[in-house]
Each structure stands twice: as structure tokens, then as C-alpha cells.
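See below for the structure under consideration.
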Amino acid sequence: QVQLVESGGGLVHPGGSLRLSCEASGSIFSLYALNWYRQAPGSQREFVATISTQYNTNYADAVKGRFTISRDNAKNTVYLQMSSLKPEDTAVYYCNQYFKGIPYWGQGTQVTVSS
């Protein structure tokens, strides 16, 4: 059973930064890609970023150049460094991993960007 636990959310002013963390357990962490998604109120969950087992990364256009995904296999943790935050980045951010074809999600962490 895969478990994903996010942390690091909070309230930040526009232009500020936050780093989200997601610690995984229940699978061989280094063998799987990890993803970040987000869901704003009244909106569908959307893709934010992904990092492969070979450390290749890909980002949604909305966050490209502002967000950086990284992973530490020794700590079974994936990070999302968010900079130049905008009010439209306000959402619950979820960590995601596919294991044996099944998607697993964390509980989410709230990020609020407001002055």
C-alpha cells in the first residue's frame, strides 16, 4: 500500500515562495515517477509537474519558469519549489504516484496566495 504525505503549504503574499514536500512509503521510491497536481475551488484537478526516475522534468505552462520539482531518493521525498507565486496558484496541492497501474494520492496541502 502506497502512502503519500504532503507538507509545506500555507499562506504567502503574491511574489513569495513556498516549498512543498511529499514523503512516500510502500513502494520502491526510486523506481517510479512522481507528480504534483493542484485543485482550486470550483475547478478540476490539474497537472502541475512531474519528475521521472531519470530526473527528467515536465511542467504545466502555467507554472513553467516559476516552479521546480525535485526528488531525493534517499529520503523517499519529492519536492515542489514554488517561486513568484500568484493568487491564481491558490489551490490544494496533491502528490501523486502510479504503482502497479493504480494512482495513489496524498491528502493534499493548502496553498493560499493573497495579500
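The values are calculated or read from the model by the stated rules, or taken from the named source; none is laboratory data. Predicted, not measured: the structure shown is a model, and the values here were computed from it. Don't worry about glycine lacking a Cβ; one is built from the backbone with ideal geometry, like all the others, and counts go over all protein chains shown. Keep in mind that these areas ignore ligands, DNA and RNA; they rest on the heavy atoms of the full protein, side chains included. Shrake-Rupley method; radii C 1.70, N 1.55, O 1.52, S 1.80 Å.
Scan region 1-28 and report the pairs whose first residue is at positive phi and whose second residue is open to solvent by 60 Å² or more (accessible area, probe 1.4 Å), with Cβ atoms within less than 9 Å and a gap of 6+ or a chain change.
Taking only residues 6 or more apart or on different chains, the pairs are 8/19; 10/110; 15/84; 15/86; 26/1; 26/3.
For region 85-104, enumerate the residues that are in a loop (DSSP other than H, G, I, E, B) and either open to solvent by less than 60 Å² (accessible area, probe 1.4 Å) or under 17 Å from residue 32 (Cα atoms) (or both).
Step one: list which residues in region 85-104 are in a loop (DSSP other than H, G, I, E, B), which gives 85-86, 90, 100-101.
Scanning region 85-104 gives 85, 90, 100, 101.
Residue check: is residue 24 modelled with pLDDT under 95 and under 19 Å from residue 92 (Cβ atoms)?
On the way: modelled with pLDDT under 95: yes; under 19 Å from residue 92 (Cβ atoms): yes.
Here the answer is yes, as residue 24 does meet what is asked.
Taking interchain pairs and intrachain pairs at least six residues apart, which have beta carbon atoms under 9 angstrom, with the first residue in region 91-111 and more than 25 Å from residue 42 (Cβ to Cβ) and in contact (Cβ under 8 Å) with a residue 60 or more places away in the chain and the second among the hydrophobic types (A, V, I, L, M, F, W, C) and open to solvent by 60 Å² or more (accessible area, probe 1.4 Å)?
Here the result reads 97/105, each pair linking region 91-111 to a residue that is among the hydrophobic types (A, V, I, L, M, F, W, C) and open to solvent by 60 Å² or more (accessible area, probe 1.4 Å).
Residues of region 105-114 being open to solvent by 40 Å² or more (accessible area, probe 1.4 Å) and either modelled with pLDDT under 95 or assigned to a strand (DSSP E or B) (or both), which ones? Don't jump to the end; show me each part of the working.
Here is the first cut: in region 105-114, the ones open to solvent by 40 Å² or more (accessible area, probe 1.4 Å) are 105, 107, 110, 112, 114.
Residues satisfying the conditions are 105, 110, 112.
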